[in-house]
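Student: For reference, the structure I am asking about is given below.
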Amino acid sequence: MLISIAIDFRHADVATRERFHLSEERLTQLYRTARTEVITESALISTCNRTELYAWVASDDPAVVERSFQTLARRWMRTRSEGVQLLETATRRHDDEAARHVVRIASGLESQVLGDNQILGQLKAAYKRASRGQAAGPVLHRLFETALRAGKRVQTETALSAGRNSVGAEAAITAAQRFGNLARARCVVIGAGRTGARAAKQLHKLGARDLVIVNRTLENAAALAGMVGGRAAAFDARHVEAAMADIVVVATGSEVPVVEAAALERARAVCATTGYALLLLDLGVPRNIDPRIAELDGATLIDLDTLHQPLLTAETMRRDAVPAAERICEEEITAYMEWLGTMPARQAIQPLREALEDVARREVAFHAKDAAVAERAASRIVAKLLAGPMAALRRSLQRGEPLDAQAMMLLEMFAPMTPGAAASPVRSAGTPRQVAAIPAASDVPPRRSRRADADRTAPDSAPPLVFSPEHST
């Protein structure tokens, strides 16, 4: 059974999410210790807004599943008491609910900003970490591949990620549209918070190379300036920096204007820039730029009322795209759950598949003298041979019949090809029932020698198989 434990922005504030955040070192340790006899796979999604742990439990017994939740929480938090606290805060999901949630995350339907197109890259990074840590197995590999495919489809087939989702980014784009080539512009960003940072990064992305970051805390200004290849300036120098600029973006948390008309007018006079074109964008609520600046010669002032229209248009497009995105998610989830439901059939036939592939590989390799060709040909041949049996096993599953009789019959039919066919009971995915054990080696008729097999299987025109002394029987 697929299960998950989630801490996200919908049910936990920033302080709580920080408390349960996992460092890279702790994540490595979690992957190393989470695996048990029943917890066979795990993968963790971690972003600024969520930390979610997914795992595959080789049982759907309620008691086993509950113990698995407790084990995962304890491995996550190191101690039993902290694990209990985690489970008291976290959201638990299982089966198709868990699968549906991760697919919706990849599609941007569960993001704090609807249609956030960064989440797909974060999910891909989480999947790679789980794969590198050898924590993800076939079930989670299939789940993440399904989620990533759904996310890509939503991005390309719907308008869920249309337009911009940041006032800061929208301000930068508006500045580029008004000014033209930003490579020739001096840009000043006052405020190094989230909005100011987005504006600075977008300006840099659009070609701005002369960027000045002004902030009350100079260290924060310097950190952001380092990200965008600009320089930091003291807050007291903001009017002089604005007077020397072509574009000024102001985004602070101040309750009063931080760029004043009289101070800017004096600074422009001192810097001999009076009358020069100056574009100012006020992203503050309340306003951070004195409205009277619009009266200065050459100054153009844009506020949030002007910027909001493109954002509102994009938001409307995104909301209208939700039904189409949800349909894509349901299509992918349905396909994934169908694949999961046929897992017992694949497990039942796996020993036979491996035996047939081994025979086909050796025979093709003898004639082709190419191991790679033999590998590919063997897989194709066996896939075609087993298409019918797999369909029959799937029909049995759909009727609710056990697979032991069909699996036993297939193995008996191909017994000469399956030496040592002892295998563990076939584990059922999604049902508590276990399929009867595949016959042990002692139950399988003795095999002929390799030379006899070769004489029996090779065409009359083919040369006999030749073995070196160490391979002879």
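Student: Going by the conditions given, is Ser4 buried (at least 18 other Cβ atoms within 10 Å of the Cβ) and in contact with a His (Cβ under 8 Å, 6 or more places away or on another chain)? If you could, list the steps in order and put the result at the bottom.
Tutor: Details: buried (at least 18 other Cβ atoms within 10 Å of the Cβ): yes; in contact with a His (Cβ under 8 Å, 6 or more places away or on another chain): yes.
Against the criterion (buried (at least 18 other Cβ atoms within 10 Å of the Cβ) and in contact with a His (Cβ under 8 Å, 6 or more places away or on another chain)), Ser4 qualifies.
Student: If you scan region 86-135, which residues turn out to be assigned to a loop (DSSP other than H, G, I, E, B) and in contact with a strand residue (DSSP E or B) (Cβ under 7 Å, 6 or more places away or on another chain)? Break it down stepwise before answering.
Tutor: In the first step, residues of region 86-135 are kept if they are assigned to a loop (DSSP other than H, G, I, E, B); the result is 90, 108-118, 133-135.
Correct list: Ala90, Ala135.
Student: Now for a different question. Between residues in region 94-121 that are of a type in the set (D, E, K, R) and residues that are modelled with pLDDT under 95 and outside any loop (DSSP other than H, G, I, E, B), which pairs lie under 6 Å by C-beta distance while being six or more apart or on different chains?
Tutor: Asp96/Met337
Student: Sort out which residues of region 345-363 are closer than 22 Å to Leu2 by Cβ, crowded, with 17+ Cβ neighbours inside 10 Å and out of contact with any strand residue (DSSP E or B) (no Cβ under 6 Å at 6 or more places or on another chain), and write them in order of number. Don't jump to the end; show me each part of the working.
Tutor: First pass over region 345-363, keeping only residues closer than 22 Å to Leu2 by Cβ: 345-348, 350.
With crowded, with 17+ Cβ neighbours inside 10 Å added as a condition, the list becomes 345-348.
Those that are closer than 22 Å to Leu2 by Cβ, crowded, with 17+ Cβ neighbours inside 10 Å and out of contact with any strand residue (DSSP E or B) (no Cβ under 6 Å at 6 or more places or on another chain): Ala345, Arg346.
Student: Need the failing condition index for Thr156 against (1) touching a residue at least 40 places away in the same chain (Cβ under 8 Å); (2) out of contact with any strand residue (DSSP E or B) (no Cβ under 8 Å at 6 or more places or on another chain); (3) among the polar types (S, T, N, Q), just the number.
Tutor: Exception for Thr156: condition (1).
Student: Among the numbered criteria (1) within 29 Å of the chain's Cα centre (by Cα); (2) surrounded by fewer than 24 Cβ atoms within 10 Å (Cβ to Cβ), which single criterion is violated by Arg178?
Tutor: In the conditions (1) within 29 Å of the chain's Cα centre (by Cα); (2) surrounded by fewer than 24 Cβ atoms within 10 Å (Cβ to Cβ), Arg178 misses (1) alone.
Student: Scanning region 13-42 for residues that are more than 21 Å from the chain's Cα centre (by Cα) and part of a loop (DSSP other than H, G, I, E, B), which turns out modelled with the lowest pLDDT?
Tutor: Result: Asp13.
Student: Assigned by TED's automatic domain parsing to the domain that holds Lys201 and out of contact with any helix residue (DSSP H, G or I) (no Cβ under 8 Å at 6 or more places or on another chain): does that describe Ala237? Full working, then the answer.
Tutor: Values: assigned by TED's automatic domain parsing to the domain that holds Lys201: yes; out of contact with any helix residue (DSSP H, G or I) (no Cβ under 8 Å at 6 or more places or on another chain): yes.
Yes; evaluated as a whole, the condition is true for this residue.
Student: Let me ask another. I'd like to verify a number: residues in region 67-89 that are under 26 Å from the mean Cα position of the chain (by Cα) and among the acidic types (Asp, Glu), how many? Steps first, please.
Tutor: Restricting attention to region 67-89, the residues satisfying the condition of being under 26 Å from the mean Cα position of the chain (by Cα) are 68-78, 83, 86-89.
Retained after the next criterion (residues that are among the acidic types (Asp, Glu)): 88.
Here the count works out to 1.
Student: Of (1) within 38 Å of the chain's Cα centre (by Cα); (2) closer than 18 Å to Thr300 by Cα, Val285 satisfies all except one. Which?
Tutor: So Val285 meets the others, but not (2).
Student: Okay, moving on. Output yes when any residue across region 12-31 is of a type in the set (Gly, Ala, Ser) and surrounded by 20 or more Cβ atoms within 10 Å (Cβ to Cβ), and no when none is. Quick ask: steps written out before the conclusion?
Tutor: Here is the first cut: in region 12-31, the residues of a type in the set (Gly, Ala, Ser) are 12, 15, 23.
If we keep only those that are surrounded by 20 or more Cβ atoms within 10 Å (Cβ to Cβ) as well, we get 12.
Yes, some residue in region 12-31 is of a type in the set (Gly, Ala, Ser) and surrounded by 20 or more Cβ atoms within 10 Å (Cβ to Cβ).
Student: If you check Pro323 against the conditions, is it surrounded by fewer than 21 Cβ atoms within 10 Å (Cβ to Cβ), not assigned by TED's automatic domain parsing to the domain that holds Asp95 and not in a helix (DSSP H, G or I)? Don't jump to the end; show me each part of the working.
Tutor: Details: surrounded by fewer than 21 Cβ atoms within 10 Å (Cβ to Cβ): yes; not assigned by TED's automatic domain parsing to the domain that holds Asp95: yes; not in a helix (DSSP H, G or I): no.
Spelling it out, it is not the case that Pro323 is surrounded by fewer than 21 Cβ atoms within 10 Å (Cβ to Cβ), not assigned by TED's automatic domain parsing to the domain that holds Asp95 and not in a helix (DSSP H, G or I).
Student: Test each condition in (1) more than 18 Å from Lys128 (Cβ to Cβ); (2) buried (at least 18 other Cβ atoms within 10 Å of the Cβ); (3) among the small types (Gly, Ala, Ser) for Ala63 and report the one that comes out false.
Tutor: (2)
Student: Among the numbered criteria (1) assigned to a helix (DSSP H, G or I); (2) over 26 Å from the mean Cα position of the chain (by Cα), which single criterion is violated by Glu331?
Tutor: Going through (1) assigned to a helix (DSSP H, G or I); (2) over 26 Å from the mean Cα position of the chain (by Cα) one by one, Glu331 breaks only (2).
This table checks each residue for (1) out of contact with any His (no Cβ under 7 Å at 6 or more places or on another chain); (2) surrounded by fewer than 18 Cβ atoms within 10 Å (Cβ to Cβ).
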{"residue": "Leu203", "(1), (2)": "yes, no"}
{"residue": "Ala208", "(1), (2)": "yes, no"}
{"residue": "Leu211", "(1), (2)": "no, no"}
{"residue": "Ala223", "(1), (2)": "yes, yes"}
{"residue": "Ala237", "(1), (2)": "yes, yes"}
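The values are calculated or read from the model by the stated rules, or taken from the named source; none is laboratory data. Computed from a predicted model, the values in this text were never measured in an experiment. Positions of Cβ are backbone-derived with ideal geometry, glycine not excepted, and every protein chain shown enters the neighbour counts.
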